[in-house]
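The values are calculated or read from the model by the stated rules, or taken from the named source; none is laboratory data. None of these values were measured; they are calculated from a predicted model. Accessible surface is based on the protein model in full, side chains and every heavy atom, while ligands, DNA and RNA are left aside. Shrake-Rupley method; radii C 1.70, N 1.55, O 1.52, S 1.80 Å.
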Amino acid sequence: MKMVYCNENSFLVNNVRNLLEAEQINTFLKNEFSQGAVGEVSATDAWPEVWIVNNTDFYQAMKIVHSSQQAHKGSDWVCADCEETNNASFEICWHCQGEHPQR
Ligand SMILES: [Zn+2]
């Protein structure tokens, strides 16, 4: 088992997990529910993490994670409803589920 992705934003972590699951890579989450426990553990320890079950998937998983991060470097967009910044790959606002202005 290996960790392939970790972020303080559980929405991003779930996004990566969904991408991996779509490619038939078995994953599980660590620290999924720990965000409410910040303060008891150090902040980074509490970040949700995506792990893969089979190490043989590692190379493909990292490729998917990497390309998802590349997509994020595209043009971020700002939600018209809550003014939260969203990554280019998001179809809807991670914060309020508002719609992408051009989609
Ligand atoms: Zn929003």
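Worth a mention:
- Amide H contacts of Tyr5: Val50, each under 5 Å away and 5 or more positions distant or on a separate chain (H built 1.01 Å from N in the peptide plane; Pro and chain starts excluded).
- Ligands, DNA and RNA aside, Ser67 has an accessible area near 70 Å² when probed at 1.4 Å.
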